[in-house]
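A short write-up of the structure that comes next.
The values are calculated or read from the model by the stated rules, or taken from the named source; none is laboratory data. The structure presented is a predicted model; accordingly, all values stated were derived computationally and were not measured. Every residue, glycine among them, receives a Cβ derived from its backbone with ideal geometry; neighbour counts consider all protein chains shown. Accessible surface is based on the protein model in full, side chains and every heavy atom, while ligands, DNA and RNA are left aside. Shrake-Rupley method; radii C 1.70, N 1.55, O 1.52, S 1.80 Å.
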Amino acid sequence: MANYRFSEIASILHSTPVQLVQDNAIELLLTDSRKLLIADKTLFFAISSAYRNATVFIEELYNKGVRCFIVDTKFSQEQISAFGEGNFIRVENVLTALQHIATHHRSLFHYPVIGISGSNGKTIIKEWLFHLLADDFEIVRSPKSYNSQVGVPLSVWQMNDRHELGIFEAGISLPGEMKILEHIIQPNIGIFTNLGEAHSAGFESIEHKLSEKIQLFKNCETVVYHADDELIAGAFLQLKKEHPFFTASWSRKKNAWLQITAENKEEDHTIIEAIFEGRGIRISVPFTDAASIENIIHCWCILLLLKISDASIEERMHSLKPLEMRLQLKHGINNCSIINDSYSADITSLMFALDFLQQQQQHPDKTVIISDILESGRQPGELYGDIAHLLKEKKISKLIGVGPEISAYSYLFSSIPSQFFSSTEKLIPRISDLFFKNETILLKGARKFEFEKISYALEEKTHETVMEINLAALRHNLTFYRSLLQPVVKIMAMVKAFSYGSGSFEIANILQHSGVNYLAVAYADEGVQLRKAGVNLPVMVMNTEAAGFDNLIKYSLEPELYSFAITAKFLQFLRIQKIEKYPVHIKLDTGMHRLGFESADMDALCKLLSASPELVIKSAFSHLAASGDQEHDAFTKEQSANFIKMAAQIRQVTGYDFIRHIGNSSAIHRHPELQFEMIRLGIGLYGVDADRYIQKRIMNVSTLRTTISQIKHIAPGESVGYSRKTIVDTPVTIATVRVGYADGYPRALSNGHGTMLVNGKRAPVIGNVCMDMTMLNITGIEAEEGDTVIVFGDQLSISEVAEAAGTIAYEMLTGVSQRVKRVYFEE
């Protein structure tokens with residue numbers, strides 16, 4: 001780890017501390033208060049944004065033991081003085097300060113650094129290079145996908161003297177950002193992966209985006225890229241005129257540094273042949289898809305540049321495996337939650353995994369199963385001592401160590417209940433004896449230890465159709481919509497209907513961790529489930545029922561009052577219980593005509609509220625009927641005017657302020673004047689927005705995938721499915737997949753109305769959709785039994801599938817059956 005004194009940090013920033021009590025040692029940089037690990041060695045950067053003032057977290061961190069802070073000039077000396085033992089530096093721009101410190105730190109090291117940019121494949125290439133080069137170099141690399149203006153400085157901060165090679169990725173979304181990242185990374189070798197449409201909104205054109213991205217390589221000695229893309233090749237030719245570098249390009253079509261001559265795809269591998277320096281070379285890799293082959297050739301170029309022998313390259317390439325570049329959260333046996341993060345094991349990625357573990361509040365007990373940390377370059381006693389400290393800081397309930405090395409240092413973990421096994425094979429037969437129950441279990445293992453076997457043993461067994469929920473995409477969508485709000489506007493996140501089919505406490509935990517202000521559920525039972533899972537945010541219950549009053553009070557849930565009848569019943573209940581000032585939300589009907597008090601009810605409602613000390617109004621709200629439709633904008637304005645008037649009447653009689661909210665996902669950007677004090681974020685959070693521009697800015701959250709159970713060849717004249725709705729007139733190959741209308745795949749998609757993706761190609765539904773199965777016409781598509789099939793996801797959107805079914809994305813998402821296992825992951 002890096003090690004500076006606070007006074008040294010001030011010198012690097014050409015600044016003087018405005019308060020220096022003790023010249024603390026700094027090892028860790030922190031920009032997110034929720035990811036605190038070791039308080040007394042941490043420097044917090046209060047990086048504020050348009051919607052959040054980061055200095056509000058200083059008190060919390062100070063109380064946890066952090067003593068070193070960098071703030072902007074708006075943070076006054078009086079505010080600083082309130083933290084008597086704190087060390088403070090004031091700067092004009094806190095993010096710039098972080099970047100400047102990282103730039104200085106990078107300049108201290110002179111070993112090779114590889115910088116990776118491009119639209120796709122950056123992280124997978126980085127991780128594959130780490131795997132391929134681990135025997136030759138002590139490598140420091142970006143953790144996860146830390147490639148942003150904040151992520152890159154935090155990545156580079158990991159560099160130290162024991163490393164021999166750095167691998168960092170860089171991503172941008174706006175012009176000018178790559179110039180900053182290049183200055184921080186200072187790469188000697190560059191890799192440009194490819195050019196796609198991802199994150200294009202901030203650029204004038206695809207050419208503009210390319211010209212910005214390749215700024216990472218302007219001072220490189222060598223650059224690797226695919227020369228068959230004329231746009232990319234032309235851009236690098238121009239860059240080379242301005243900043244000469246060695247071109248290590250590869251091509252299938254023309255002369256290049258690495259000339260690909262053949263790609264022979266077999267059943268489960270591809271043999272790639274090439275000409276390099278006048279000789280023929282080849283590799284065999286366990287992949288057949290185009291994206292993996294492209295990524296592997298980039299890696300091949302790097303290994304050739306670093307003078308790895310042909311024989312060694314052949315051996316290493318053959319050992320590559322698909323990498324799960326994500327933390328996966330699954331349901332486990334005995335009401336456990338399983339976090340699978342076993343694609344790598346090092347102390348940096350362990351820190352991120354422990355942070356994800358801490359976000360899970362569904363179980364008070366948290367267990368970590370960890371393997372030996374291989375090839376760390378550190379003394380084992382020091383390494384496992386640090387790990388023991390981390391686990392203690394995170395209040396881990398139980399540790400299970402796997403491997404001879406961690407077992408040899410078991411005495412360092414004496415403060416945590418723990419057991420140790422020399423291998424995964426020794427642990428597996430003992431799983432039933434370890435009595436895992438009602439706990440969250442983190443699996444953190446090096447690939448050598450094959451922790452996927454442990455994951456399989458601990459997972460709850462369900463059928464092979466799964467809904468994958470991308471938590472990073474959920475966070476992205478929340479951040480995007482938040483960026484459209486005025487800074488003071490609160491967010492109520494809709495988690496009703498099983499979070500639009502995405503899950504319950506799993507989603508609520510992420511939203512709580514991400515700083516939303518309120519949650520909304522449909523029924524009290526949903527709120528009870530959240531409370532039992534450790535969610536402590538305010539929760540509004542939208543469909544209040546008398547039968548649920550007890551649970552409202554017991555679990556501190558806040559009811560929506562929408563009629564005189566339900567209000568009278570709730571008041572009677574509160575009076576019997578002798579409860580006063582219970583928080584409630586008043587639903588106003590301004591034109592939706594579903595639930596709520598109407599304009600004609602206002603006099604009577606105001607009279608009732610003014611005479612009811614049992615209630616305290618937390619919010620008054622209404623529901624827009626057509627906020628996403630331009631043709632109904634006049635009606636939306638009419639609803640808004642009614643709402644403002646009705647809420648004002650309530651404020652007048654109660655004598656106090658409360659939150660007003662009427663805006664939903666569409667209204668956030670279409671009607672920003674209706675943000676008031678809070679908005680309700682629903683379907684947009686889950687990756688669906690009717691506005692085409694907004695849809696391009698948010699990310700798909702849910703992917704429904706299944707597998708092929710059987711493949712059949714049907715002769716002309718034969719029929720497929722119930723009622724013989726399809727009789728084929730040519731030879732047809734069909735695949736029966738494990739999803740049907742009981743899983744939420746509508747029968748309306750029968751007989752060619754629906755399609756699914758089989759190995760990246762669209763296959764139409766043939767015959768009627770069955771209860772548990774659907775048949776696809778895969779004629780001309782290479783497929784095998786057991787192959788994965790995408791029902792909807794990134795390449796086949798939920799909106800497209802819903803339109804084909806004659807319904808809407810809401811119904812499709814919420815209609816996915818509870819028997820379909822949800823798997824949560826975070827990149």
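For H104, H318, the ranking by accessible surface with the largest value first comes to H318, H104, using a 1.4 Å probe. The dipole here belongs to the chain: it is taken about the Cα centre, uses +1 on the Cβ of Lys and Arg and -1 on the Cβ of Asp and Glu, and is about 1480 debye.
Over the range 574-684, Cα pairs under 8 Å with separation of 6+ residues give a relative contact order of 25 percent. Per residue, the solvent-accessible area of the range 207-321 (1.4 Å probe, heavy atoms of protein chains only, all protein chains present) comes to 46 Å².
Bridgeable lysines around K394 (alpha carbons under 22 Å apart, same-chain partners fewer than 8 residues away excluded): K35, K41, K64, K144, K330, K366, K437, K444, K532. Ligands, DNA and RNA left out, the accessible area of the range 344-440 computed with a 1.4 Å probe is 52% carbon and sulfur.
Pairwise Cα separations in the range 710-813 fall into 5 Å bins from 0 onward with the following percentages, short to long: 2, 14, 25, 26, 19, 10, 4, 1. Taking a point 7 Å from the Cα of S723 along the Cα-to-Cβ direction, the residues of the range 777-801 with backbone N closer than 19 Å to it are 777. Accessible area of R575 (1.4 Å probe, protein heavy atoms only, ligands and nucleic acids ignored): about 120 Å². Set the Förster radius R0 to 30 Å, insert the Cβ-Cβ distance between S173 and N335 as r into 1/(1 + (r/R0)^6), and round the FRET efficiency to 0.05. Efficiency, from the Cβ-Cβ distance: 0.15. The separation of the range 599-618 from the range 198-274, counted between C-alpha centres, amounts to 67 Å. Fully extending the segment from E273 to A547, taken as 0.36 nm per residue of separation minus the present Cα-Cα distance, adds 91.6 nm.
Using a simple spin-label model with pseudo-atoms 7 Å out from Cα toward Cβ, A82 and D603 lie 4.8 nm apart. Full extension of the segment from N438 to S556, taken as 0.36 nm per residue of separation minus the current Cα-Cα distance, would add 40.2 nm.
The mean of 1/r over all distinct Cα pairs in the range 51-204, once inverted, gives the Kirkwood hydrodynamic radius of 17.3 Å. Within a straight-line Cα-Cα reach of under 16 Å, K321 can be paired with the following lysines, leaving aside sequence neighbours fewer than 8 residues apart in one chain: K126, K448, K453.
The share of accessible area on the range 195-303 that comes from carbon and sulfur is 48 percent, using a 1.4 angstrom probe. Protein-only accessible surface at a 1.4 angstrom probe places the residues V616, V495 in the order V616, V495, largest first. Here the simple spin-label model places points 7 Å from the Cα toward Cβ, and for K578 and E8 these points are separated by 6.4 nm. Before anything else, pin down the relative contact order of the chain: Cα pairs under 8 Å, at least 6 apart, normalised by residue count, whole percent. About 8 percent, as a whole number. Among I58, I206, the sequence by solvent-accessible area, most first, with a 1.4 Å probe is I206, I58.
Among the listed pairs K122/K307; K696/K761; K241/K761, those with a Cα-Cα distance over 32 Å are K241/K761. Think of the chain as having a plus end and a minus end, set by charges on the Cβ of Lys, Arg, Asp and Glu; of F276, I644, L674, I644 sits farthest toward the positive end of this dipole.
Nonpolar atom fraction for the range 1-97, defined as the carbon and sulfur part of the 1.4 Å probe accessible area, stands at 45 percent.
For T288, the solvent-accessible surface with a 1.4 Å probe is about 50 Å², rounded to the nearest 10. Accessible surface calculations at 1.4 Å, restricted to protein heavy atoms, place the range 514-624 at 43 Å² per residue.
Kirkwood hydrodynamic radius (Cα pairs, Å) of the range 183-265? For the range 183-265, the Kirkwood estimate is 13.6 Å.
Looking at the range 218-307, the trypsin sites (Lys or Arg not before Pro) that sit in a DSSP loop and have at most 12 other Cβ atoms within 10 Å of their own Cβ are K253, K254, K307. Site pair H713 and D629 shows an inter-label distance of 5.2 nm when each label is modelled 7 Å from Cα along Cα→Cβ. A dipole drawn for the chain from +1 and -1 charges on Cβ atoms has a positive end, and of A446, S627, V701 the residue lying farthest that way is S627. E277 sits with roughly 130 Å² accessible to a 1.4 Å probe, with DNA, RNA and ligands left out of the calculation. Rolling a 1.4 Å probe over the heavy atoms of the protein chains gives the range 85-205 an accessible area of 34 Å² per residue. Remark: the A641-H243 segment gains 137.2 nm on full extension, using 0.36 nm per residue and subtracting the alpha carbon distance.
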